[in-house]
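Down below is the structure, laid out as structure tokens.
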Amino acid sequence: MTDDSSSTKPWGGRFTESTDAFVEAFTASIDFDQRLFSHDIKGSIAHARMLAHVNILTRAECDSIVGGLEEIHVDIERGEFVWSTELEDVHMNIEARLIERIGETGKKLHTGRSRNDQVATDLRLYLRDEIDRLCGALTRLQSALVDIADREADTIMPGFTHLQVAMPISFGDDMLAWEAMLERDHQRLQDCRKRVNIMPLGAAALAGTSFPIDREYTARLLGFDAPAGNSLDAVSDRDFVIEFCAAASVIMMHLSRFSEELILWSSAQFNFIELPDRFCTGSSIMPQKKNPDVPELVRGKSGRVVGHLLSLLMLMKSQPLAYNKDNQEDKEPLFDTVDTLKGSLRVFADMMPVIEVQREQMAAAAQQGFSTATDLADYLVRRGIAFRDAHEIVGRAVRLGIDTGKDLSEMTLDELQGFSAVIGEDVFDVLTLQGSMAARNHQGGTAPEQVRSAVAAARQRLQDRQ
Ligand code: ARG
């Protein structure tokens, strides 16, 4: 009683009626998983070669399969391949076309394999490539920041805590703070890659296959570090996707913080930087406006990437072993995470080298808010006063400054000596912005000299990575 349409499915044998039209559309993944086509073909070619290596396929059969798959690859790249929803997913679309093209031999490709280990393999091959690209994009942005840090080592800006002026810092030092975060992000991706680069192929549906396959051979062909140890785990686990999305979420979280600084800095109230017009848009009603759309969008997109991470955790939670169709839902969040991250890193790397730094504005802002108060306290300590007492003395000086509208550096020596007799003429050296910044001259400090040596170290590190 098999009707015509059920027999067009590669799995149609045991079915007596054709799939409901809506169910067919509902269960299909071809609209989004066609993105995996080149990795799917790569995996199939390696599988066919392995089958020939262990004499399950003849050399001629293997050649015919590999040739057919290579032609299909070309067709897809040229946009000449017609994807069919009836054939559900990328795996069955390509296999069906192979059979159409090379005939009966094509039907042997799926020996000793299942779509379950196939899709897990495709996804790992895809993600491995994308991680490598993303690491390149991170490096590009890191290098741009290091270049700015080098150029702006002497540029003074106010450093903030609680978004209140804290101390004068080097703008270059601020750039290196973002670079340091991206460096850890790069390490996280590299670490994640180790767990991505394990091969599920050979796990078949869930428990391996009765054919004498050589998994080490296939793993070598595909550049995997090793075949997966446990087959049930290999076909069902998606923790490598979750881990990647967690690392991606941290990167986007960093970029959202960075975005927030750029948005504040480019506001009229701060006026520390000017974003080039080509990275901004205007308002349809307020003619004076120039909006920092790029950082705002990146800040917004961070929410969507974290959302994908949560989707994937919820997708995986409570799934029994082994493969479940739930896992088809892993792809869209992963693909969108990769695209969003790639776009965000690219736009940042394009934009950062061309931001205009308003050096006078930054220095003027650093002059506000008694940013050298800690320097005065440290000065008193060097004159033998205990830090707690020094803190108290400077607090009183600041109080006077607030009442009279004067910065510490604008007070007379007499005024300052009113707070402590140990204060001498040389106090004015430590009350300048340059003096304050240059004084923090140890590894990790904000002194321009330290910024320059951190720049040199970062350059070396980025270069060694290539
Ligand atoms: N399209 C499926 C997915 O993305 C491929 C694996 C299907 N396996 C199955 N037994 N139905 O997960």
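The values are calculated or read from the model by the stated rules, or taken from the named source; none is laboratory data. Since this is a predicted model, take the numbers as computed values, not measurements. Cβ sites come from the backbone with ideal geometry, for glycine too, and all protein chains shown count toward neighbours. All accessible areas refer to the heavy atoms of the entire protein, side chains included, with ligands and DNA or RNA removed. Shrake-Rupley method; radii C 1.70, N 1.55, O 1.52, S 1.80 Å.
Summary of values
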read-out: In nm, spacing of pseudo-spin labels at S84 and R59 (7 Å Cα→C-beta vector); value: 3.5
read-out: Contour excess over end-to-end distance, with Cα ends at E425 and S267 and 0.36 nm allotted per residue; value: 53.0 nm
read-out: Segment 157-172 and segment 324-374: distance between their alpha carbon centers, rounded to Å; value: 19
read-out: Full-stretch length increase - T161, R346 - with 0.36 nm per residue and alpha-carbon distance subtracted; value: 63.7 nm
read-out: Per-residue ³J(HN,Hα) for segment 438-455, Karplus 6.51 cos²θ - 1.76 cosθ + 1.60, θ = phi - 60°, Hz, x for Gly and Pro; value: 5, 5, 7, 10, 9, 3, x, x, 8, 4, x, 4, 5, 4, 5, 6, 5, 4
read-out: Length gained when the stretch A456-D132 is fully extended (0.36 nm per residue, less Cα-Cα span); value: 114.2 nm
read-out: In degrees, nearest ten, helix 171-196 long axis to first principal axis of the chain (Cα); value: 20
read-out: Whether segment 116-220 is rounded, prolate or oblate, judged on the alpha carbon gyration tensor where a/c under 1.5 counts as rounded; value: prolate
read-out: Label-to-label distance, nm, for residues given as D191 and D464 (7 Å Cα→Cβ offset); value: 1.8
read-out: Under 14 Å, Cβ to Cβ, from N324 - net charge with Lys/Arg +1 and Asp/Glu -1; value: -1
read-out: Residue-normalised accessible area of the chain, given per residue in Å² at a 1.4 Å probe; value: 47
read-out: Three-way shape call for segment 296-395 based on the alpha-carbon gyration tensor, with the a/c threshold at 1.5; value: oblate
read-out: Cut-off 17 Å (backbone N to label point 7 Å along Cα→Cβ of L413), residues of segment 423-440; value: 423-432
read-out: Cα-based helix-to-principal-axis angle, 293-316 vs the chain, degrees rounded to 10; value: 50
read-out: For segment 194-323, size of Cβ-based charge dipole, Lys and Arg +1, Asp and Glu -1, in debye; value: 220
read-out: 17 Å cut-off, amide nitrogen to a point 7 angstrom out along D403 Cα→Cβ, residues in segment 349-392; value: 392
read-out: Tensor-based shape of segment 6-96 (alpha-carbon gyration tensor, a/c under 1.5 rounded, otherwise prolate or oblate); value: oblate
read-out: Helix axis angle, 59-77 relative to the chain longest principal axis, alpha carbon, degrees; value: 50
read-out: Hits among lysines - C-alpha to C-alpha of K9 under 22 Å, sequence gap 8 or more where chains match; value: K107, K108, K325
read-out: Carbon and sulfur %, accessible surface of the chain computed with the full protein complex present, 1.4 Å; value: 52
read-out: Distance (nanometres) between label positions extended 7 Å along Cα→Cβ at D293 and L232; value: 5.3
read-out: Exposure rule at most 16 other beta-carbon atoms within 10 Å, DSSP loop GluC sites (Glu not before Pro): the chain longest free segment; value: 81-424
read-out: Förster radius 60 Å - calculated FRET efficiency between D154 and F22, Cβ distance, rounded to 0.05; value: 0.35
read-out: Antiparallel %, DSSP beta bridges [both residues in the chain], to 5; value: 80
read-out: Distance from segment 264-298 to segment 1-76 (C-alpha centre basis), Å; value: 51
read-out: Neighbour cut-off at most 10 other Cβ (10 Å), DSSP loop, trypsin sites (Lys or Arg not before Pro), segment 42-97; value: R78
